[in-house]
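Here, each number is a calculation from the coordinates, and none is a lab measurement. Just so it is clear, the structure is predicted and the values come from calculations on it, not from any experiment. Methodologically, a virtual Cβ is constructed for each residue, glycine included, from the backbone with ideal geometry; neighbour enumeration extends over all protein chains shown.
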Amino acid sequence: MTGLVDSWQRQLNYLRISVTDHCNMSCVYCSVGSVPLLPRSEILSYEEIERVVQVAATMGINKVRITGGEPLLRSDLSRLVGMLSQIEGIDDIALTSNGILLSKYAVELKQAGLKRVNVSLDTLKRDGFKRITGRDKLGEVLSGIEAAHVAGLQPVKVNMVVLRGMNDDEIIDFARMSTNQGWHVRFIEFMPFGMLKAEALETVSAQEIRERIRSLGKLEPYTGKTGNGPAKYYRLPGARGTMGFISPMTEHFCDTCNRLRLTSDGQLRPCL
Ligand code: SAM
């Protein structure tokens with residue numbers, strides 16, 4: 001085995017880069033915002049991030065994902081995307097965003113070299129969105145998803161963290177979006193990270209989610225091009241979009257993990 005291999009013989013080729021610890025949402029389940037913000041002087045500059053990725057690329061990293069906090073809050077993010085897209089060996093640059101600012105930046109990000117985007121969206125209801133995220137921004141996020149499609153960021157994946165009693169009544173609505181709108185929806189099991197505000201929240205297992213969706217039709221395993229992550233993909237009969245299931249709580253995938261994380265203040269982490 002060549003490249004970056006850890007002590008469990010896992011080949012690491014994927015680096016997630018957090019460019020900021022700031023977020024413009026305050027999701028009930030998320031630990032971002034519950035820890036004090038770092039001083040600006042401790043946040044890596046774009047040049048420092050570029051240097052880390054240059055070195056990582058020589059060791060076998062060929063895919064990067066820009067995340068946060070909310071990455072689109074970092075000014076001139078397209079400049080970083082452009083810098084990373086010039087690095088030899090990096091052949092995939094992706095973004096994970098809450099989508100609020102995506103319609104403003106989708107075109108310039110695509111032009112700078114961004115390939116694809118994952119948008120976090122847990123509900124299609126305006127009230128539910130306010131309850132989960134603390135913001136009244138559902139319209140902006142839906143516009144952001146549309147803008148990403150139009151800009152040619154493909155695929156756009158929509159990530160839904162499923163919470164019992166909060167949005168699990170929308171599992172079927174999200175599944176239907178893979179048929180009606182061609183969305184690539186990914187259902188994510190909530191991970192209780194132990195912060196106070198998440199104490200009352202309950203995970204819904206991927207298996208239960210799949211069972212509920214079966215009321216819409218047989219789930220066909222999807223083996224086409226999907227991504228580099230741990231999701232298992234399926235498709236409803238006739239759907240353009242796919243559905244992925246990410247199950248960190250009930251179907252562990254640590255043995256196939258291929259990723260490293262770079263925190264916004266420059267720490268390298270092998271795990272969440
Ligand atoms: N702000 C960006 C966003 O919203 O996509 C990027 C950062 S956010 C922390 C990345 C993803 O982690 C989001 O899809 C979010 O829903 C998910 N996430 C955060 N806390 C989680 C938890 N406790 N369990 C499961 N997923 C979580």
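Starting from 0.36 nm per residue, how many nanometres of slack lie between ARG164 and CYS254 once their C-alpha separation is accounted for? List each step's numbers first, then the result.
Details: separation 90, 0.36 × 90 = 32.40 nm, distance 2.47 nm.
Taking 0.36 nm per residue and subtracting the Cα distance, the gain is 29.9 nm.
Near the amide H of LEU12, under 5 Å away, which other amide H atoms are found, from residues 5 or more places off or on another chain, if H is placed in the peptide plane?
Here the answer is LEU4, VAL5, ASP6, since their amide H atoms fall under 5 Å of that of LEU12.
Rounded to the nearest 0.05, what FRET efficiency do LEU272 and GLU220 give with R0 = 35 Å and r taken as the Cβ-Cβ distance? Could you check?
According to the calculation, E is roughly 0.70.
Give the cross-link partners of LYS104 among the lysines, using a straight C-alpha distance below 23 Å as the criterion and excluding same-chain residues fewer than 8 apart.
Reachable lysines: LYS115, LYS125, LYS130, LYS137, LYS157.
Mind telling me which of PRO155, PRO237, PRO192 comes out most flexible in a GNM of the chain, alpha-carbon contacts under 10 Å?
The residue that fluctuates most here is PRO237.
For LEU262, what residues show an amide H to amide H distance below 5 Å, using hydrogens built from the backbone and excluding near sequence neighbours?
For LEU262, the qualifying residues are ARG16, ILE17, SER18, ARG269.
If R₀ is 30 angstrom, what is the calculated FRET efficiency for the pair VAL35 and THR58, using the beta carbon separation as r and rounding to 0.05?
Taking R0 as 30 Å, the efficiency between VAL35 and THR58 is 0.40.
Give a residue-ordered list of calculated ³J(HN,Hα) values for segment 49-63 (Karplus: 6.51 cos²θ - 1.76 cosθ + 1.60, θ = phi - 60°; whole Hz; x for Gly, Pro).
5, 4, 5, 4, 5, 4, 5, 4, 5, 6, 9, x, 6, 10, 10
Please report, in debye to the nearest 20, how large the charge dipole of segment 138-245 is about its Cα centre when each Lys and Arg carries +1 at its beta carbon and each Asp and Glu carries -1 there.
Values: 13 positive and 12 negative charges, 107 e Å.
In debye, rounded to 20, segment 138-245 gives about 520.
Amide H neighbours of ASN159 under 5 Å, at least 5 residues apart or on other chains, H built in the peptide plane: list them.
When sequence neighbours closer than 5 places are left aside, the close amide H contacts are VAL119, SER120, LEU121, ARG186.
As I understand it, the value is the acute angle between the Cα axis of helix 171-180 and the longest principal axis of the Cα atoms of the chain; what does it come to in degrees, rounded to 10?
Compared with the principal axis, the helix lies near 80 degrees.
Enumerate the calculated ³J(HN,Hα) couplings along segment 238-255 in order (Karplus 6.51 cos²θ - 1.76 cosθ + 1.60, θ = phi - 60°), each rounded to whole Hz, writing x wherever the residue is Gly or Pro.
Result, ordered by residue: x, 6, 6, x, 10, 10, x, 10, 10, 10, x, 8, 10, 9, 4, 10, 4, 5 Hz.
Please compute the modelled spin-label separation between GLN154 and GLN86, points set 7 Å along Cα→Cβ, answer in nm with one decimal.
2.8 nm
Using the Karplus curve 6.51 cos²θ - 1.76 cosθ + 1.60 with θ = phi - 60°, work out ³J(HN,Hα) for each residue of segment 103-112 in order, rounded to whole Hz, and write x for Gly and Pro.
5, 6, 10, 4, 5, 5, 5, 4, 5, 6
Compute the distance in nm between two label points, each set 7 Å from the Cα along the Cα-to-Cβ direction, one at LYS125 and one at ASN180.
Simple spin-label model gives 1.5 nm for this pair.
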